[in-house]
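This report concerns only the one structure given below.
Laboratory data are not the source of any read-out in this text; all were calculated from the coordinates shown. Model, not experiment: these values are computed from the prediction. Here the Cβ positions follow ideal geometry from the backbone for every residue, glycine too, while neighbour counts run over all protein chains shown.
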Amino acid sequence: MGLRLFLLRHAETAWNRERRYQGWTDTGLSDAGRTQAEAAGRALAGASLQAVYASPLRRAQETAAAIAAPHGLSVRVEEAFKEMGFGGWEGLTVEEARAQEPALYRTWLETPHLAGPPGGERLPDVKRRVLAGLERLREGHDEESICLVAHGITARILILEALGLPLPRIWSLHVSSAGISELEFRPDWTALHRMNTLVHLDAVLAGR
């Protein structure tokens with residue numbers, strides 16, 4: 001009994017390139033992002049997927065659609081895997097957020113589980129909703145392989161869960177646009193089979 005999960009962060013948006021906090025702001029993919037999503041779709045075309053899920057945000061759904069198409073699947077939307085809400089930081093670059101709230105920003109980097117953006121979500125709350133969503137996936141797809149397209153924070157939380165690591169370790173992980181991770185969740189153990197693989201993007205990156 002178990003679930004094999006192919007986990008991706010959505011492909012690139014213009015705000016990713018500009019290092020802006022997106023959170024719940026519903027940005028779409030850039031031209032480069034659409035190319036990345038198509039490359040991810042080709043990379044997973046040979047996987048035996050029973051379902052493809054995405055967060056409700058457009059950038060995740062657009063990425064998931066490119067992965068679902070070769071399998072003849074539609075994208076299922078799961079609210080639990082929506083990005084962390086960044087409140088007053090949404091639309092700001094990393095540098096702008098640091099300049100506006102230097103002490104808070106330092107706390108966010110050093111002890112992220114104890115602080116959050118002004119008016120935004122807190123990591124423990126995000127973890128609760130993400131793990132509730134994971135439990136629904138495990139119940140609905142026992143002994144199946146599925147794909148989930150999520151976001152930087154929500155994908156990290158799922159990888160931490162697979163590794164048995166706590167929230168304070170969240171910045172130990174790097175999750176790239178359209179990077180592919182492969183997780184397995186069993187009743188008595190979990191495994192991370194690969195993390196943030198990017199070889200499918202080699203041709204995309206070479207052409208930029």
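Between residue 96 and residue 58, residue separation times 0.36 nm minus the direct Cα-Cα distance comes to 11.2 nm. Helical runs assigned H by DSSP (4 residues or longer) give the chain a calculated mean residue ellipticity at 222 nm of -11500 deg cm²/dmol, each run adding -39500 (n - 2.57) before division by the residue total.
When both region 4-21 and region 32-51 are represented by their alpha-carbon centers, they are found 14 Å apart. The reciprocal of the average 1/r between distinct C-alpha atoms defines the Kirkwood hydrodynamic radius, which for the chain equals 17.2 Å. Using C-alpha pairs under 8 Å with a sequence gap of at least 6, the mean separation divided by the residue count of the chain gives a relative contact order of 32 percent.
Can you give the charge dipole size of region 15-123 about its Cα centre, rounded to the nearest 20 debye, using +1 on the beta carbon of Lys and Arg and -1 on the beta carbon of Asp and Glu? Provide the component values of the computation, followed by the final result.
Numbers: 12 positive and 14 negative charges, 45 e Å.
Here the size comes out at about 220 debye.
Taking amide H atoms as placed 1.01 Å from N in the peptide plane, the amide H of residue 51 lies under 5 Å from those of 147, each 5 or more residues away in sequence or on another chain.
Region 167-186 and region 97-123 have their alpha-carbon centroids 21 Å apart.
Please report, in debye to the nearest 20, how large the charge dipole of the chain is about its Cα centre when each Lys and Arg carries +1 at its beta carbon and each Asp and Glu carries -1 there. Each step should come with its number before you reach the end.
On the way: 24 positive and 26 negative charges, 49 e Å.
Computed charge dipole of the chain: roughly 240 debye.
Each of 104, 39, 187 was placed along the dipole of region 3-206 (beta-carbon charges, centred on the mean Cα), and the one lying farthest toward the positive end is 104. For the chain, complete DSSP H runs whose alpha carbons reach 24 Å or more along their own long axis and whose mean Kyte-Doolittle score is -1.0 or higher are 123-140.
Using a Gaussian network model of the chain in which every pair of alpha carbons under 10 angstrom is joined by a spring, one finds that among 38, 62, 110 the greatest mean-square fluctuation is at 110.
As a rough guide to protection, the peptides 187-197, 156-166, 4-14 ranked by mean Cβ packing within 10 Å, highest first, stand as 4-14, 156-166, 187-197. Each residue of region 172-188 was assigned a 3J(HN,Hα) from its phi angle through the Karplus curve 6.51 cos²θ - 1.76 cosθ + 1.60 (θ = phi - 60°); the sequence is 6, 9, 10, 10, 8, 4, 6, x, 10, 10, 10, 10, 10, 10, 10, x, 10 Hz, with glycine and proline shown as x.
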